[in-house]
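Let me begin by presenting the structure, written as structure tokens, before commenting on it.
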Amino acid sequence: MSDTILEVKNVTKHFGGLTALREVTLSLSKGQIKSIIGPNGAGKTTLFNIISGVYSPDEGDILFEDRAIGGKSPETVCHLGVARTFQVVKPFINMSVLDNVVIGALALTSRISEARAKAMEVLDYIGMKESAALPANSVTLEDLKRLELGRALATHPRLILLDEVMAGLTPTETEEFIRLIRKIRDDGVTILLIEHVMQAVLALSDEVVVLNYGEKIFEGDTHAVVRDERVIEAYLGEEYLYAQRRES
């Protein structure tokens, strides 16, 4: 059986006269962390929406564990083993932290007792067990990010799509999230990550994909990405390159 868990093959997506993605191809191996970076409007979240079933591709194929999932509903994609977080956290603010995660666990079982047990297990795993009874609208931004991640983990995914899960966090909080994401990968979940925080991208990624105006301009080694002239011009900027040279 192939070690490839996800294949995106020549995916194109149009919105009216706008081409959001043009013939994007990438693959992800089991146990890998791969990051997708690029400027705002590059098509990163659109790609996540296509993989997770929010949108159907206009052209191309999405394969998860050798099974075509392009055009399938988000519920079907989730049941097959693909979970995601959202760039803007969307908790059920009038519900407890625990009940937010229970909703994710109900993707696997219709028994509330089983869902609550799974949710408590997940909260312990992400370091939020002591906050289980708190209203979701009373916790910090960092914990809201953890809660978003926990709700996705409660669906027991084999692949998780993380959309800017570290945006808005302090450097210390980012380091804590880096450790948590590594633990998730080490426990058998493959990760595809959209992120603007280059500290996290460089610390976590086995490989990086760069999108610009809906097209892939780079895919490869994490350290090579910061030296690629196309990536510097399109996204990182000369200031980033200068700062890296000063640090080294």
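The values are calculated or read from the model by the stated rules, or taken from the named source; none is laboratory data. Note that this is a predicted model, so its numbers are computed, not measured. With ideal geometry, Cβ positions are generated from the backbone for all residues, glycine too; neighbour counts draw on all protein chains shown.
Here are the numbers for the structure shown:
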quantity	calculated
Some residue of region 197-211 being in contact with a Phe, Trp or Tyr (Cβ under 9 Å, 6 or more places away or on another chain) and surrounded by fewer than 16 Cβ atoms within 10 Å (Cβ to Cβ)	no
Test: Ser27 is among the hydroxyl-bearing types (Ser, Thr, Tyr), in the same structural domain as Val165 (by TED's automatic domain parsing) and surrounded by 22 or more Cβ atoms within 10 Å (Cβ to Cβ)	no
Leading residue by the ranking (modelled with the lowest pLDDT) among those in region 63-81 that are surrounded by 13 or more Cβ atoms within 10 Å (Cβ to Cβ) and at positive phi	Gly71
Candidate set: region 109-134, residues that are in contact (Cβ under 8 Å) with a residue 24 or more places away in the chain and part of a loop (DSSP other than H, G, I, E, B); chosen: the one nearest to the chain's Cα centre (by Cα)	Ile126
Within region 1-108, strands (runs of 3 or more DSSP E) holding 3 or more residues that are hydrophobic (A, V, I, L, M, F, W, C) and over 22 Å from Asp187 (Cα atoms)	4-15, 18-29
Members of region 135-190 found to be polar (S, T, N, Q) and either more than 27 Å from Gly53 (Cβ to Cβ) or part of a helix (DSSP H, G or I) (or both), listed by number	Asn137, Ser138, Thr140, Thr170, Thr172, Thr174
Filter pass, Glu195 being in contact (Cβ under 8 Å) with a residue 60 or more places away in the chain and not assigned by TED's automatic domain parsing to the domain that holds Thr12	no
Among (1) in contact with a Phe, Trp or Tyr (Cβ under 7 Å, 6 or more places away or on another chain); (2) at positive phi, the one test that Gly31 misses	(1)
Total residues in region 191-215, condition touching a Lys or Arg at 6+ places or on another chain (Cβ under 9 Å), at negative phi and not in a helix (DSSP H, G or I)	13
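To keep it simple, each residue is scored yes or no on (1) surrounded by fewer than 22 Cβ atoms within 10 Å (Cβ to Cβ); (2) in contact with a strand residue (DSSP E or B) (Cβ under 7 Å, 6 or more places away or on another chain); (3) not assigned by TED's automatic domain parsing to the domain that holds Gln199.
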site	(1), (2), (3)
Phe15	yes, no, no
Asn40	yes, no, no
Thr46	yes, yes, no
Val54	yes, no, no
Asp99	yes, no, yes
Glu114	yes, no, yes
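Residue-wise test of (1) at pLDDT 95 or above; (2) closer than 20 Å to Glu173 by Cα.
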| site | (1), (2) |
| --- | --- |
| Arg84 | yes, no |
| Lys90 | no, yes |
| Val97 | yes, yes |
| Val101 | yes, no |
| Met128 | yes, yes |
| Ala154 | yes, no |
| Pro157 | yes, no |
